[in-house]
1. Of the conditions (1) in a helix (DSSP H, G or I); (2) exposed (fewer than 13 other Cβ atoms within 10 Å of the Cβ); (3) touching a helix residue (DSSP H, G or I) at 6+ places or on another chain (Cβ under 9 Å), LEU62 fails just one. Which one is it?
2. Of all residues in the stretch 82-95, which are surrounded by 14 or more Cβ atoms within 10 Å (Cβ to Cβ) and either at positive phi or not hydrophobic (A, V, I, L, M, F, W, C) (or both)?
3. Is it the case that PRO83 is within 10 Å of the chain's Cα centre (by Cα) and either assigned to a loop (DSSP other than H, G, I, E, B) or small (Gly, Ala, Ser) (or both)?
4. Do the conditions hold for ALA96, that is, is it assigned to a helix (DSSP H, G or I), under 17 Å from LEU13 (Cβ atoms) and modelled with pLDDT of 95 or more?
5. Give the stretch 26-59 a look and list any residue that's of a type in the set (D, E, K, R) and either touching a Cys at 6+ places or on another chain (Cβ under 9 Å) or not in a loop (DSSP other than H, G, I, E, B) (or both), or say none.
6. Of everything in the stretch 99-110 that's in contact (Cβ under 8 Å) with a residue 40 or more places away in the chain and surrounded by 15 or more Cβ atoms within 10 Å (Cβ to Cβ), which residue is farthest from ALA14 (Cα to Cα)?
Amino acid sequence: MPEDLEELAARALAAREAAYAPYSRFLVGAAVRTRDGRMFAAGNVENASYGLTLCAERGAILQAVSAGIREIVALAVATATSPPTAPCGACRQVLAEFAADDCPVLLVNLEGEKRLITLGDLLPYAFRPSDLGATFCAEPRHGRG
C-alpha cells in the first residue's frame, strides 16, 4: 500500500472518531487528497430529519471544494464493518464531479482490513459535467447572473 494512501486511511479513521451518528450508530470517516497534496477529512453527521444527514465522503469533498480545490486524486473511507463499506451512490456521484475514473478509493476498517478500488470500479459510466452537452459552460459563474 502506498504510503500516501496509508496516511489518508489514518486520517479517515481519525475522522470516524468525530462522527455524529446517534440514530444509525454507523460511524464513518473519510479523507480526500487533492492534486496539490492537501488532505481534508470529515465524519458523517446525522440529523433527526434523516434526509439532512451528510455522509463523511461528501463532507471531506465539500471541505476541499470550499478551499478552492477542483481535483480530488484519492479517497479513503473508514467504517467498522467487515469487509469495509464502500461509499453510497450519492457520494460516488459527488466524487465523480471532482475525480477521474482512475482515482484510488481505499476502504478500511478498524481491524486493519483494506480494499483498494477505483472510482471507475464504484461508478462505471458516471454522469459527468461533459455529459451536459454543448451548452455546458466549463467555468461556472459565481454569484448571480
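1. (2)
2. Listed by number, the residues that qualify are PRO84, THR85, PRO87, ARG92, GLN93.
3. no
4. For ALA96, the condition - assigned to a helix (DSSP H, G or I), under 17 Å from LEU13 (Cβ atoms) and modelled with pLDDT of 95 or more - is not met.
5. If the condition is that a residue be of a type in the set (D, E, K, R) and either touching a Cys at 6+ places or on another chain (Cβ under 9 Å) or not in a loop (DSSP other than H, G, I, E, B) (or both), then ARG33, GLU57, ARG58 are the ones that fit.
6. Across the stretch 99-110, the extreme among qualifying residues is PRO104.
The values are calculated or read from the model by the stated rules, or taken from the named source; none is laboratory data. Keep in mind it's a predicted model, so treat the numbers as computed, not measured. Here Cβ is always computed from backbone atoms with ideal geometry, including for glycine, and neighbour counts include all displayed protein chains.
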